[in-house]
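Beneath this line is the structure, given in structure tokens, with notes to follow.
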Amino acid sequence: MTINSDLELLIFHDSLDVLGGGEKVVATIAKAFDARIAAANVDPEVIRELDIEQDSIYDLGRIDDRAPIGPIKSSLLFRRVSFPGFDKYLLSGFWSLYAAYRHKPNICYCYTPRRDFYDLKRFNIARQSNLAKKAVAWSWTTAHSYFDRRAIRQVPKILTLSRTVQKRIAMYYHRDSTVIYPPVPTDHYYTKAFGDFWLSVNRLYPEKRVELQIEAFKSLPNENLLIVGGYARRDKGLVAYHKLFADLPPNVKILGIIPQERLLELYATCKGVVYTPIDEDFGLVPVEAQASGKAVVGVNEGALRETVINGATGFLVDPRPESLKKAIECVSEEPQRYEKACKKNASKFDEHIFIKSMRRNLCEGV
């Protein structure tokens, strides 16, 4: 869907080297408004999967997101860049927020205040391997959160993707925000069969708690789990976490990053989808699953409470393997009975609704 608009829009996005929810949002906006994108770490494979024209992207070069030096350099990069002449600037991501100093009028689509600065600060410090690293983590997140709160003052209006994040914005930024749910092209998803496997789609990061899913399926030998997802190539700090996946049970397989076409096929033929992140900001996966007619077994936290109807389009449970197991067993008895309710619920998050809402906000005052 393309908007007939004379708006000259530039989107600042942290990096384009992982095919995640934020990248899909940026691609949808860019195509709808014929916008340009300024981003670091531009990966040609990700660009192809997002179906974005290479010549519409300003490549800001390579940045390293490893803390603490990486985030500092990333913030300074967006603070220094200058792209004058656009009607409006959309800030998407964490470090791109610093582009607000030189680029006005602007508007921010906030996925969440950076969580290791705020609500997951203790969680991330606790998983550091020694006291010295814990001290460094505490020091840099405390200092950087100060500059983060200063940067957001350069933004007159904040849009966000869920009521869950809206509450965080009020708590940590002391700002109001407008909720616009992220876009899902629901007509791209379809139901083909209710097969013999469950699907998990997520970046392989600790906050996604994929280990909970693996533990649940260890006690479900007659059920199979396929895990789709990866992590940024620059993020070598995840090696220790990925050692947890070295000894998988025979009914669990990690596929890594796969083409979008194959992912659509897996959604269409799976039995259901499992999703277990900590207090998720929004999560496109549950909506994509429901658009495919598949029930979601997720954790009763965050925006899953906004996207999954407990008992009708899946089940929301405590973040424990035993709870996940019971819900998986329940759905497996008759997975097709959730199809109609799932597709109806997913339609509320269709990309046409998102684009119309974005148009109202982006064209305001232009």
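Summary of values
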{"item": "Filtered residues of the range 307-362 (kept if within 20 Å of Tyr181 (Cα to Cα), acidic (Asp, Glu) and out of contact with any Pro (no Cβ under 7 Å at 6 or more places or on another chain))", "result": "Asp350"}
{"item": "Number of the condition not met by Tyr118 [criteria: (1) modelled with pLDDT of 95 or more; (2) not in a loop (DSSP other than H, G, I, E, B)]", "result": "(2)"}
{"item": "Any pair with Cβ under 7 angstrom, 6 or more apart, that starts in the range 175-196 at a residue that is within 20 Å of Ala32 (Cα to Cα) and ends at one that is among the acidic types (Asp, Glu)", "result": "Pro183/Glu351; Val184/Glu288; Val184/Asp350; Val184/Glu351; Pro185/Glu351; Thr186/Asp350; Tyr189/Glu288"}
{"item": "Lone unmet requirement of (1) crowded, with 18+ Cβ neighbours inside 10 Å; (2) free of Cβ contacts under 8 Å to residues at least 60 places away in the same chain; (3) more than 16 Å from the chain's Cα centre (by Cα) for Ile11", "result": "(2)"}
{"item": "Test: Tyr190 is surrounded by fewer than 21 Cβ atoms within 10 Å (Cβ to Cβ) and outside any strand (DSSP E or B)", "result": "yes"}
{"item": "Scan of the range 26-37 for residues that are in contact with a Leu (Cβ under 6 Å, 6 or more places away or on another chain) and buried (at least 19 other Cβ atoms within 10 Å of the Cβ), ordered by number", "result": "Ala27, Phe33, Ala35"}
{"item": "Condition check for Lys356: in a helix (DSSP H, G or I), modelled with pLDDT of 95 or more, within 27 Å of Ala32 (Cα to Cα) and in the same structural domain as Glu215 (by TED's automatic domain parsing)", "result": "no"}
{"item": "Selection status of Thr142, in a helix (DSSP H, G or I), among the hydroxyl-bearing types (Ser, Thr, Tyr) and at pLDDT 95 or above", "result": "yes"}
{"item": "Among the candidates Val46, Val18, residue that is at negative phi, assigned to a helix (DSSP H, G or I) and in the same structural domain as Arg175 (by TED's automatic domain parsing)", "result": "Val46"}
{"item": "Condition broken by Val81, with the remaining ones in (1) free of Cβ contacts under 8 Å to residues at least 24 places away in the same chain; (2) more than 18 Å from Arg114 (Cα to Cα) satisfied", "result": "(1)"}
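Yes/no per residue for (1) over 19 Å from Leu212 (Cα atoms); (2) touching a Cys at 6+ places or on another chain (Cβ under 9 Å); (3) among the hydroxyl-bearing types (Ser, Thr, Tyr); (4) outside the structural domain of Leu199 (by TED's automatic domain parsing):
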position: Gly256; (1), (2), (3), (4): no, no, no, no
position: Arg262; (1), (2), (3), (4): yes, no, no, no
position: Leu266; (1), (2), (3), (4): yes, no, no, no
position: Asp279; (1), (2), (3), (4): no, no, no, no
position: Pro286; (1), (2), (3), (4): no, no, no, no
position: Gly302; (1), (2), (3), (4): no, no, no, no
position: Leu324; (1), (2), (3), (4): no, no, no, no
position: Ser332; (1), (2), (3), (4): no, no, yes, no
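The values are calculated or read from the model by the stated rules, or taken from the named source; none is laboratory data. As the structure is a computational prediction, the values presented were derived from the model and not from experiment. Reconstructed Cβ throughout: ideal geometry from the backbone, glycine too, with neighbour counts over all protein chains shown.
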